[in-house]
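Have a look at the structure below, then the notes.
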Amino acid sequence: MTPAIDVDDIWKRYRLGKSAAGYGTVKEAFSSFVTRIGRARAEPAEDFWALKGVSFQVGAGEAIGIIGRNGAGKSTILKILSRITLPTRGRASLRGRVGALLEVGTGFNPELTGRENVFLNGAILGMGRNELREKFDEIVAFSEIGTFIDTPVKRYSSGMQMRLAFSVAAHLEPDVMLVDEVLAVGDEEFQNKCFGKIGEIEREGRTVVFISHNLGAVRRLCKRCILLDEGRVVADGPTDSVLQTYYDLIGGGEATAASEEHGRGGTRLLGWEVRSDDRRASVVRSGEPCEITFRLASTVDHHQIFLVMAIYSQDGILVSSLRTLETLGGFSSLDPGKYSVTFRLPTFPVAPGLYDVHLTLHGRHEGQISSWHVQPPLRVTSEGAPAEDGKREGGVLWLPGEASVERV
Amino acid sequence: MSTPTEVVIEPARRWPRPRLAELWENRELAFFLVLRNLKALYRQTFIGVAWSLFRPLVTTVIFTIFIRLVKVPTLGIPAPLFVLSGLLPWTFFANSVYWGSLSLVVNAPLVTKIYFPRIVLPLANVLTESVDLVLSLVLLAVLSAVYGVALGAEVLLLPVLLLWLIVTCLSVTLWLAAINVRYRDVAFIVPFMIQIWLYLTPVIYPGQLIPEWGRWAYALNPMVGVVESFRWALVGGPAPTSFIGPSLAVVVVLVVTGWWYFSRTEQTFADVI
């Protein structure tokens with residue numbers, strides 16, 4: 001059977017630097033023209049190869065995840081597959097109708113009503129008018145917009161816009177669906193609904209390519225994964241083993257990568273580390289004490305703020321959250337400078353597995369100011385039971401209980 | 001759903017093929033974009049669509065006063081009719097070229113996030129102007145009745161002339177919109193260019209003022225043939241025979257090269273914009 005997606009040795013070059021053959025002013029173009037005539041050597045444009053010979057195939061009905069560090073080439077490959085940009089070399093082919101969910105909501109016009117935007121957005125994504133009319137009710141129902149559908153979109157909350165946009169895109173019924181990070185926004189309930197919809201699309205025998213920093217989501221949706229690093233395919237195989245390669249790549253659990261999901265700027269997360277038994281640890285043992293330290297740099301004044309560390313299981317259950325508001329007995333303030341924030345846990349009674357750690361900065365008046373999702377996930381093991389990625393059995397909590405069987 | 005199509009992705013070509021079939025598939029998108037432009041334009045305006053009548057009316061009055069003052073010959077046509085019949089295609093051209101040349105940059109979020117034939121964007125801007133044109137035609141019909149000018153059979157050529165006008169606008173817009181992606185200078189040049197262009201086009205004076213021997217050169221301005229033909233079809237006057245040839249020839253060259261240049265640079269819009 002021919003694959004739904006066939007990517008064959010794709011290379012993509014971006015030109016950096018001022019003399020890049022790209023955006024500029026007429027003046028620059030003119031002077032570079034003059035230099036060319038004068039046989040003088042033009043300043044060589046700095047080339048950056050975002051993709052260096054990427055090849056893979058995806059079968060029809062398969063769902064694959066593409067993961068990798070920032071700048072590994074994930075978004076570039078998705079842009080090429082969705083035909084937004086062309087490769088410099090190589091060839092790719094896709095069979096069937098292609099739908100791309102790259103940052104939903106682009107193409108929404110704030111002046112138009114929800115209804116008008118559904119039609120406009122649908123047309124941009126490639127749906128016909130009749131098709132849209134047929135699916136219109138379904139789209140509105142899924143988005144939970146209700147009677148606001150005839151209100152201009154500029155009066156919507158960002159969450160409402162998101163929901164409507166996702167809803168339109170999800171009803172496109174493409175043969176090949178390309179998804180990029182969309183699920184990072186929206187409330188948890190709607191996120192779950194989105195996962196459900198993508199799962200449904202997958203079960204209907206459509207092909208899904210999913211790109212995300214949210215490894216939990218990747219694990220949940222994709223059996224197979226491709227790991228990109230520096231523009232090359234480093235691993236391609238079952239999700240669990242590829243994720244393992246990824247953790248090794250980013251430093252076996254001590255890495256400090258974090259993706260800022262929402263932020264109004266001003267504060268950066270420099271890194272984080274876990275200490276157990278007074279040593280830096282890559283894993284935490286169930287029930288042992290541990291310390292989680294975040295290093296922050298602030299460039300502005302923050303008054304009356306508090307920090308929250310939230311720990312989620314891989315299936316999205318909030319295991320616990322700890323706020324400095326309670327532990328410090330009130331609000332804190334940050335002047336510009338560097339800080340380290342430590343959460344000390346006398347015991348960590350969590351079942352073996354992988355856990356996503358989020359840190360958020362809240363202001364008393366501003367609400368959430370910044371939020372970070374740290375990478376890699378926290379790995380928890382127990383005596384004799386090594387962390388089995390993703391296969392958490394026996395719940396979320398580890399209770400140091402004993403059991404006995406006696407005849408009575 | 002239709003039979004699975006295969007999409008092949010390959011590096012940019014130097015000589016891209018014109019993808020007319022794809023443009024046709026996206027006709028509904030063009031329609032919705034026109035609708036969006038119109039709704040976004042008039043929403044939250046107090047007099048709304050009446051603006052489309054108000055603007056040509058005021059311009060006509062001012063130009064009529066000007067024409068009377070400097071005694072420009074109007075070939076026996078009442079001055080307001082003379083002005084409005086020229087203003088009609090001119091306004092269409094000026095507005096669609098202005099908005100069309102900005103269309104790719106204004107819609108940059110769309111261009112960098114979703115694939116669709118980019119030509120739909122300038123095309124939609126050109127088509128949006130049709131609504132204003134139709135409203136101005138109504139205004140012209142009223143004025144004609146007031147001045148007791150009867151329409152001739154020439155008016156039946158209007159659809160053909162409209163097509164000619166649209167292609168003329170598109171030919172200029174394709175060049176400017178594509179260049180604007182790379183060189184934002186275009187945004188500054190266009191308003192200035194349109195202003196100069198107005199004086200080179202027989203809107204407030206008749207093309208017949210140009211001596212016979214120079215008319216072919218004058219008509220290398222593609223709008224000359226269009227404006228003269230519109231005026232002839234709508235309010236009478238001498239047939240624009242000597243202007244049509246050169247203007248048409250220039251438009252054909254411009255639209256073919258413009259389409260090619262647009263299709264070629266289209267391939268890198270998302271990287272450059």
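Here, each number is a calculation from the coordinates, and none is a lab measurement. Everything quoted here is computed from the prediction, not taken from an experiment. Cβ atoms come from the backbone with ideal geometry, glycine included; neighbour counts cover every protein chain shown.
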Seminar exercise, completed: For peptide A:125-132, the mean count of other chain Cβ atoms within 10 Å per residue Cβ is 3
Exercise. Given the pairs A:Lys197/A:Lys223; A:Lys154/B:Lys39; A:Lys154/A:Lys193, which are separated by over 21 angstrom at their Cα positions?
Worked result: A:Lys154/A:Lys193
Problem set entry | Shape call, segment B:26-176: gyration tensor on alpha carbons, a/c limit 1.5 | prolate
Exercise. Given a Förster radius of 30 Å and the C-beta distance between A:His303 and B:Arg43 as r, what FRET efficiency does 1/(1 + (r/R0)^6) yield to the nearest 0.05?
Worked result: 0.15
Exercise. Taking square-rooted eigenvalues a ≥ b ≥ c of the alpha carbon gyration tensor, is the protein assembly as shown rounded, prolate or oblate, where a/c under 1.5 means rounded and, failing that, a/b exceeding b/c means prolate?
Worked result: prolate
Exercise. How would you rank B:Met193, A:Met127, going from fewest to most other Cβ atoms within 10 Å of each one's own Cβ?
Worked result: B:Met193, A:Met127
For this session: Report, ordered by chain and residue number, the lysines lying within cross-link reach of A:Lys12, taken as a straight Cα distance under 25 Å and ignoring same-chain residues fewer than 8 apart.
Result: A:Lys52, A:Lys74, A:Lys79, B:Lys113
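Per-residue counts of other Cβ atoms within 10 Å, averaged by peptide: what ranking do you get for B:235-244, B:100-109, A:164-173, A:129-138, highest first?
Averaged packing, sorted descending, gives the order A:164-173, B:100-109, B:235-244, A:129-138.
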Exercise. Which one of B:Phe93, A:Trp49, A:Ser370 is farthest out on the positive end of the charge dipole of the protein assembly as shown, using unit charges on Cβ (Lys, Arg +1; Asp, Glu -1) and the Cα centre as origin?
Worked result: B:Phe93
Exercise. Roughly how tilted is helix B:27-42, in degrees to the nearest 10 and between 0 and 90, from the longest Cα axis of chain B?
Worked result: 60
Exercise. Treating the beta-carbon of each Lys and Arg as +1 and of each Asp and Glu as -1, no other charges, what is the dipole magnitude of the protein assembly as shown about its Cα centre, to the nearest 20 debye?
Worked result: 2260
Problem set entry | Interchain or long-range residues, amide H under 5 Å from B:Val72's placed H | none
Exercise. For A:Asp315 and A:Gln244, FRET efficiency with R0 = 22 Å and r from the beta-carbon atoms, rounded to 0.05?
Worked result: 0.70
Exercise. If each residue's Cβ is checked for other Cβ atoms within 10 Å, how do B:Trp90, B:Trp259, B:Trp213, A:Trp49 rank with the fewest at the top?
Worked result: B:Trp213, A:Trp49, B:Trp259, B:Trp90
For this session: Quick one: dipole size for chain B, taken about the Cα centre, charges +1 on Lys/Arg Cβ and -1 on Asp/Glu Cβ, in debye to the nearest 20.
Result: 380
Problem set entry | Most positive-pole-ward Cα, B:Phe32, B:Val58, B:Phe46, against dipole of segment B:1-72 from beta carbon charges | B:Val58
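Fewest to most neighbouring Cβ within 10 Å: what's the order for A:His358, A:His365?
Ordered by Cβ neighbours within 10 Å, fewest first: A:His365, A:His358.
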